[in-house]
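Colleague: For reference, the structure I am asking about is given below.
The values are calculated or read from the model by the stated rules, or taken from the named source; none is laboratory data. What you see is a predicted model, and the numbers here were worked out from it, not measured in a lab. Positions of Cβ are backbone-derived with ideal geometry, glycine not excepted, and every protein chain shown enters the neighbour counts. These accessible areas exclude ligands, DNA and RNA; they are computed on the full protein's heavy atoms, side chains included. Shrake-Rupley method; radii C 1.70, N 1.55, O 1.52, S 1.80 Å.
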Amino acid sequence: MKVTLSALDTCESSFTPLVVLELAQDVKEETKEWLKNRIISKKEDGVRRLLTSGLVIQVFPLHDNEALKKLEDTWYTRFALKCQPIDHIRGYFGETIALYFGFLEYFTVALIPMAVIGLPYYLFVWEDYDKYVIFASFNLIWSTVILEVWKRGCANMTYRWGTLVMKRQFEEPRPGFHGVLGINPVTGRKEPLYPSYKRQLRIYLVSLPFVCLCLYFSLYVMMIYFDMEAWALSLHDNSGSEWTSVLLYVPSVIYAVVIEIMNRLYRYAAEFLTSWENHRLESAYQNHLILKVLVFNFLNCFASLFYIAFVLRDMKLLRQSLATLLITSQILNQIMESLLPYWLQRKHHVQVKRKVQALKADIDATLYEQVVLEKEMGTYLGTFDDYLELFLQFGYVSLFSCVYPLAAAFAVLNNFTEVNSDALKMCRVLKRPFSEPSANIGVWQLAFETMSVISVVTNCALIGMSPQVNALFPESKLDLVLIVVAVEHALLALKFILAFAIPDKPRHIQMKLARLEFESLEALKQQ
């Protein structure tokens, strides 16, 4: 029995392919020849066109086993409390993925002060709600400073990598873009053209109503959760047994699982809708997708907490719900993102190895095994889900951790394992992605900064609701509201002053960039 694979069909037995192209079964020989000529002439649009037409099923680079083994040895195979080899990650996976792991490491370290303060606070005074004013005040400063300091660290890394000042290149149409073939007025090339008004109609007449419907459904599920909470509480009040005391946590656990399921289902729907909107550029596609997902995830994950805090004003239930949502979501994410895919991948690897050993084919069996194995691996869809998980975690910690100080400690524990599980996922579970240069974490910086602004408002409101502050205004609640609003505005002003006062780039980098610009101008003058 002879097995052939397009990537392995070569007259040179020592040739090792760097990139694998999987073609559809009905691709004609002349199409293969045309594609080969486009690749030889280094015209990348040939592959893009075939991806759009469905003739090419997938394109991915093979893992370099030797380089990967060296990276694994310094990254996650030996458990130790040490910094990640960010430069080595960048060398193997590219700047975009290296920046994610750099941000994950930085965010984990930044959570440690909150965890260190929160642990004794929880152990000794967690029932005394008067004391959470101090913790909320620290939370306000912390959420602002860490994001500004990250900008400086990010600038240091990307300057070292040479991507801090990237010239914006003309973006090619994304593979899924379709339209009537015409001439691009900017490039003069033939490419699909799609009227902007049709895209806007799809966004405002279909996508927007669908998102609003999903938000309504999320709120409806939330009210069912509160009905379950009321039922469990009444059952416990009537019997008061140990079994019913455990039952009090069941509605929160069920609701946390339902939230994760809804988030994942909505993600698929948002991807379908955003693709259907037919955006020409990948950046536009990503921005619309991120906006859709962030709005739904924020409401789905935090609406119940806001309702408990500011409508029911039940701090005990708020603490219980926050703890359950945070811990349950972390456990589910670890299982679904890394452990389950890794187990399935190991099982598939054994099956592939048995098939390869049973073959008597005149090919390099080791290379064939690697290609077949990696062909069936999952495709890395970018850093979207990874940043989203950190964004929601940041929300849990910055918005309401003053009533549950252990939130930061659980986040730190989760992130220590997240580093290893994400590294395992990148190295052993998913295909190797193509390297992409990046100067920063992009729109996620704005998302985190927006969350920090919301946390200022939330923490000020919680401070104003505390018994300690209310005792200062026993007669006039209007004065209390006015003072809380004034303090909130003052803190927001302080936040923006801090953001302006802390430069995004360290001074030594600013000087180097200025000198580089000066030398470029001098070189132009001499020409």
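Colleague: What 222 nm value per residue comes from the helices of the chain, counting each DSSP H run with n ≥ 4 as -39,500 (n - 2.57) and dividing by all residues, nearest 500 deg cm²/dmol? Walk me through the intermediate numbers first.
Modeller: Working: 20 runs with 356 residues, N = 527.
Calculated at 222 nm, the ellipticity per residue is -23000 deg cm²/dmol.
Colleague: Of Lys70/Lys425; Lys316/Lys477; Lys36/Lys431, which sit over 18 Å apart, Cα to Cα?
Modeller: Going by Cα-Cα distance, Lys316/Lys477; Lys36/Lys431 fall outside the 18 Å limit.
Colleague: For Val180, project a label point 7 Å along Cα to C-beta. Then give me every residue of the stretch 191-209 with its amide nitrogen under 12 Å of that point.
Modeller: 193-196
Colleague: Ok, one more. Might you work out the accessible area of Lys70 for me, using a 1.4 Å probe with all protein chains in place, and round it to the nearest 10 Å²?
Modeller: Solvent-accessible area, nearest 10 Å²: 130 Å².
Colleague: Let me ask another. Could you work out how far helix 95-125 tilts from the main Cα principal axis of the chain, as a 0 to 90 degree angle to the nearest 10?
Modeller: That works out to roughly 20 degrees.
Colleague: Additional query: Averaged over every viewing direction, what's the projected area of the C-alpha convex hull for the stretch 207-328? Give it in nm², one decimal, please. Write down the numbers at each step before the final one.
Modeller: Details: hull surface 32.6 nm².
Convex hull of Cα atoms, orientation-averaged projection: 8.1 nm².
Colleague: Continuing with the same structure: Under a point-charge model restricted to the Cβ atoms of Lys and Arg (+1) and Asp and Glu (-1), what is the dipole moment magnitude of the chain relative to its Cα centre, in debye to the nearest 20?
Modeller: In debye, rounded to 20, the chain gives about 1320.
Colleague: Same structure again: Using the basic label-point model (7 angstrom from Cα toward the beta carbon), what is the Lys28 to Ile261 distance in nanometres?
Modeller: 4.9
Colleague: Can I ask one more? Along each of the three principal axes of the Cα atoms of the stretch 215-261, give the extent in whole Å, ordering the values from largest to smallest.
Modeller: 37, 16, 6
Colleague: log10 I(q)/I(0), Debye, Cα-only the stretch 389-473, no solvent, q = 0.16, 0.17 Å⁻¹?
Modeller: Rounded to two decimals, the profile gives -0.83, -0.89.
Colleague: How long are the three semi-axes of the equivalent ellipsoid of the stretch 144-256, in whole Å, if each is the root of 5 times an eigenvalue of the C-alpha gyration tensor, listed from largest down?
Modeller: 52, 29, 11
Colleague: Okay, moving on. Which FRET efficiency value, to the nearest 0.05, do you get for Leu193 and Ile454 by plugging their Cβ-Cβ distance into 1/(1 + (r/R0)^6) with R0 = 41 Å?
Modeller: Efficiency for this residue pair is about 0.55.
Colleague: Give, in nm to one decimal, the length gained when the segment between Ser520 and Tyr220 is fully stretched (0.36 nm per residue of separation minus the Cα-Cα distance).
Modeller: The span from Ser520 to Tyr220 would gain 102.0 nm if fully extended.
Colleague: What aspartates and glutamates sit close enough to Lys495 to cross-link, taking a C-alpha to C-alpha distance under 19 Å and skipping anything fewer than 8 places away on the same chain?
Modeller: Within reach: Glu148, Glu449, Asp504.
Colleague: What is the spin-label model distance, in nm, from Asn65 to Leu123 if the labels are put 7 Å beyond Cα along the C-beta direction?
Modeller: A separation of 5.0 nm, rounded to one decimal place.
Colleague: Step through the residues of the stretch 455-466 one at a time and calculate ³J(HN,Hα) from phi using the Karplus curve (6.51 cos²θ - 1.76 cosθ + 1.60, θ = phi - 60°), rounding each to whole Hz and writing x for Gly and Pro.
Modeller: 5, 4, 4, 5, 5, 5, 5, 5, 5, x, 7, 5
Colleague: For the stretch 471-527, what is one quarter of the convex hull surface built on the Cα atoms, given in nm²?
Modeller: With the hull built on Cα positions only, its mean projection is 6.0 nm².
Colleague: Next up: Calculate I(q)/I(0) for the chain by the Debye formula, one identical point scatterer on each C-alpha and no solvent, and give its log10 at q = 0.08, 0.10 Å⁻¹ to two decimals.
Modeller: The Cα Debye sum returns log10 ratios of -0.66, -0.99.
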